[in-house]
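Undergrad: Input: one structure, supplied below.
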Amino acid sequence: MKILVINSGSSSLKFQVIDSETERVLVRGLCERIGIDGVFTYKTDTGVSLKEQVPMKDHTEAVHKLLDTLVDPEKGIIKDFSEIDVIGHRLVHGGEKFTGSVVITDEVIQAMTECNDLAPLHNPANLVGVDACRKLMPGTLMVGVFDTAFNQTMEPKAFLYGLPYRYYEKYKIRRYGFHGISHKYVSQRAAEFMRQDPRRVKTIVCHLGNGASICAVKYGKVVDNSMGFTPLEGLVMGTRSGDVDPGALEFLAKKENLDIYQIMQILNKESGVLGISKNLSSDFRELKDAEIKYNDKAAMAREIFAYKVAKYVGSYAAAMNGVDNIVFTAGVGENDSDIREEICSYLEFLGIHIDEVKNRERAEAVKISDGLSKVNVLVIRTNEELEIARQAAEIAGRVKGEQAS
Ligand code: ADP
């Protein structure tokens, strides 16, 4: 099967075409600056590489450009659209309604629209991508893969806040957890790499990118996730604050005469390692360069980040009453060996020993703990697109089976 994977954001749309049998990426690319000046990037596994400035006034035009290129006799990879068996859409928030991937129908779109309040930045942008594909490829099966779905196995003790219960009943205010597509892929890949049965292992996945979250996965099911009602809770991130005492925010609002929107802007865009480093950077590479040059704020930002990750890992080991695998993934987790080493230095009480040479190796998957370590520590490259393609292929297979019988 050929699967078109779409990840639609407010002004960009990432895409890949994946062959589900070989799991090869046939095409990958990006429509950027949609509604502004439009930049189209496209690369096939046969060596076609494009980067063009193309006006794309909306997502429909972006999908149009993508589809035209896919069937282009010189640059394309298919003869006509019927060769695309299914489109897999990354959808951010499925609330409590979606515990797994679904065929996108009018009812699903209606239910997702009802979740828009929960993710006002992400869900409407995802739906615009779905809408554009439905317009241009009306006969093609579409599957929605939610970032929240994998986390839906959390129990009330993990997902409820210490708020009056009526707010959960009335507005579904609770912890949802995010990065579920990545956490699922990485926890399963770790078990596969270690030749373990995923239903018998306890894994903590540290997805450390610009947005960062930690997930406790026990016997294949999520027990806890550091992100909450929104992706703002939990770790100190690139520009997001993570956990903060709400009392500090009231204090700040009064002192600086700020309204709630201004406070949210500070928490989402001006905080994290960017804010701690006095606006030096949200990029861990730049912070490391500055730290080498004795910039104490850059050093402090990285230290706070690592300390917080270690605290979450420790608490999730308690939540699962043990841990077999700790896995680092995403931009920082996959590439920053110093941060990994620093985080692991707090975790020696769990019997963790890191092999310093292995920790500097680069591979799709590598075990960086040594033979003495009581816990496996791994670095695994996340692959959200492949996970979406797998789930879309599974559902498409099921639908085709039902149609045939
Ligand atoms: P997101 O998907 O949340 O935007 P990514 O997973 O792509 O984030 O991670 C982006 C971050 O990864 C960058 O902000 C950068 O700080 C970090 N990063 C990428 N490469 C390296 C590297 N070689 N060393 C340290 N940090 C890196």
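Undergrad: Suppose we filter the stretch 170-226 for residues that are assigned to a helix (DSSP H, G or I) and either more than 11 Å from the chain's Cα centre (by Cα) or not basic (K, R) (or both); how many remain?
TA: So in the stretch 170-226, the residues assigned to a helix (DSSP H, G or I) come out as 170-171, 180-193, 198-200.
Then drop every residue that is not either more than 11 Å from the chain's Cα centre (by Cα) or not basic (K, R) (or both), which leaves 170-171, 180-183, 185-193, 198-200.
Of the residues in that region, 18 qualify.
Undergrad: Can we say S277 is hydroxyl-bearing (S, T, Y), more than 20 Å from F328 (Cα to Cα), in contact with a Lys or Arg (Cβ under 9 Å, 6 or more places away or on another chain) and open to solvent by less than 10 Å² (accessible area, probe 1.4 Å)?
TA: Numbers: hydroxyl-bearing (S, T, Y): yes; more than 20 Å from F328 (Cα to Cα): yes; in contact with a Lys or Arg (Cβ under 9 Å, 6 or more places away or on another chain): yes; open to solvent by less than 10 Å² (accessible area, probe 1.4 Å): yes.
In short, yes.
Undergrad: Within the stretch 238-268, work out how many residues are basic (K, R) and within 14 Å of the ligand (Cβ to nearest atom).
TA: First, pick out the residues of the stretch 238-268 that are basic (K, R): 240, 254-255.
The next check asks that each one be within 14 Å of the ligand (Cβ to nearest atom); those that pass are 240.
Of the residues in the stretch 238-268, 1 are basic (K, R) and within 14 Å of the ligand (Cβ to nearest atom).
Undergrad: Going residue by residue through the stretch 15-30, is there one that turns out to be among the acidic types (D, E), modelled with pLDDT of 95 or more and touching a helix residue (DSSP H, G or I) at 6+ places or on another chain (Cβ under 7 Å)? Walk me through how you get there before you give the answer.
TA: Within the stretch 15-30, the first condition is being among the acidic types (D, E), and the residues that meet it are 19, 21, 23.
From the residues that got through so far, the ones that are modelled with pLDDT of 95 or more too are 19, 21, 23.
From what is left, the residues that are touching a helix residue (DSSP H, G or I) at 6+ places or on another chain (Cβ under 7 Å) are 23.
Looking for residues that are among the acidic types (D, E), modelled with pLDDT of 95 or more and touching a helix residue (DSSP H, G or I) at 6+ places or on another chain (Cβ under 7 Å), one finds at least one in the stretch 15-30, hence yes.
Undergrad: State all residues of the stretch 305-337 that are open to solvent by 60 Å² or more (accessible area, probe 1.4 Å), more than 10 Å from the ligand (Cβ to nearest atom) and part of a helix (DSSP H, G or I); if no residue qualifies, say none.
TA: So in the stretch 305-337, the residues open to solvent by 60 Å² or more (accessible area, probe 1.4 Å) come out as 307, 311, 318, 321, 335.
This time we only want the ones that are more than 10 Å from the ligand (Cβ to nearest atom), so: 307, 311, 318, 321.
Residues satisfying the conditions are Y307, K311, A318.
Undergrad: Count, please, the residues in the stretch 163-183 that happen to be in contact (Cβ under 8 Å) with a residue 12 or more places away in the chain and over 20 Å from P246 (Cα atoms). Spell out how you get there, then give the answer.
TA: Narrowing the stretch 163-183 to residues in contact (Cβ under 8 Å) with a residue 12 or more places away in the chain: 172-183.
When the remaining residues are screened for being over 20 Å from P246 (Cα atoms), the result is 178-183.
Going through the stretch 163-183 one residue at a time, the tally reaches 6.
One line per residue, one yes/no per condition, for (1) open to solvent by less than 10 Å² (accessible area, probe 1.4 Å); (2) touching a Lys or Arg at 6+ places or on another chain (Cβ under 9 Å):
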{"site": "H207", "(1), (2)": "no, no"}
{"site": "K218", "(1), (2)": "no, yes"}
{"site": "V222", "(1), (2)": "yes, yes"}
{"site": "L232", "(1), (2)": "no, yes"}
{"site": "M237", "(1), (2)": "yes, no"}
{"site": "E250", "(1), (2)": "no, no"}
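Undergrad: Follow-up question, since we're still on this one. Within the set of pairs 6+ apart or on separate chains, which have a first residue in the stretch 230-247 that is under 22 Å from D117 (Cβ atoms), a second that is open to solvent by 40 Å² or more (accessible area, probe 1.4 Å), and C-beta atoms under 7 Å apart?
TA: L232/R240; L232/N268; E233/D243; G234/D243; R240/N268
Undergrad: Any idea how many residues of the stretch 364-405 are under 20 Å from the mean Cα position of the chain (by Cα), without any contact (Cβ under 8 Å) to a residue 60 or more places away in the chain and open to solvent by 40 Å² or more (accessible area, probe 1.4 Å)?
TA: Qualifying residue count for the region: 2.
Undergrad: May I pose another question? If we only count helices (runs of 4 or more DSSP H) wholly inside the stretch 43-158, which ones have 2 or more residues that are surrounded by 22 or more Cβ atoms within 10 Å (Cβ to Cβ) and modelled with pLDDT under 95? Lay out the reasoning, then the answer.
TA: Working: elements: 59-70, 106-114, 123-136.
Once the helices (runs of 4 or more DSSP H) in the stretch 43-158 are filtered for at least 2 residues that are surrounded by 22 or more Cβ atoms within 10 Å (Cβ to Cβ) and modelled with pLDDT under 95, what remains is 59-70, 123-136.
The values are calculated or read from the model by the stated rules, or taken from the named source; none is laboratory data. The structure displayed is predicted, hence computed values, not measured ones. As a convention, Cβ positions derive from the backbone with ideal geometry for all residues, glycine included, and neighbour counts pool all protein chains shown. The accessibility values were calculated without ligands, DNA or RNA, using every heavy atom of the protein model including side chains. Shrake-Rupley method; radii C 1.70, N 1.55, O 1.52, S 1.80 Å.
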